[in-house]
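First up is the structure itself, then whatever we jot down about it.
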Amino acid sequence: MSMLKMDFKRVTKNLSITHRIAENQDEYLTLPANINKNGIVCFAFKITFKELLKIVFQRRIYIQTLTFGKPLQPIHVNVDAKDFEDNRKWTIDEIFN
């Protein structure tokens, strides 16, 4: 089974890694992420050229999440870093202010 690689240095140019989720849990892969005080978790995958070609030709990104029988939480998927960062700010403003 393959999975997209994580970038362990930064989420985006402006979002550093603040947490490493499940770092010491052998049953999970470590998820380097930026988590702000409001609990918004941001992370990114770094794709290979082969994966990029699959996306170009198949035009699909597959997402699987474990809910453990609970309701699915909202997610935001994007391919543009600025748009991604802007959505993060918008979400904070809309929900918590």
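The values are calculated or read from the model by the stated rules, or taken from the named source; none is laboratory data. Owing to the predicted nature of the structure, the values given are computational and were not obtained by experimental measurement. In this analysis, Cβ positions are derived from the backbone assuming ideal geometry, glycine residues included, and neighbour counts consider all displayed protein chains.
Listed here are the residues, each with its yes/no results for (1) over 15 Å from residue 88 (Cα atoms); (2) among the charged types (D, E, K, R).
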position: 11; (1), (2): no, no
position: 14; (1), (2): no, no
position: 25; (1), (2): yes, no
position: 39; (1), (2): no, no
position: 42; (1), (2): no, no
position: 54; (1), (2): yes, yes
position: 76; (1), (2): no, no
Query raised in the report: Being closer than 24 Å to residue 13 by Cβ, at pLDDT below 80 and not charged (D, E, K, R), is that true of even one residue in region 59-71?
Result: no
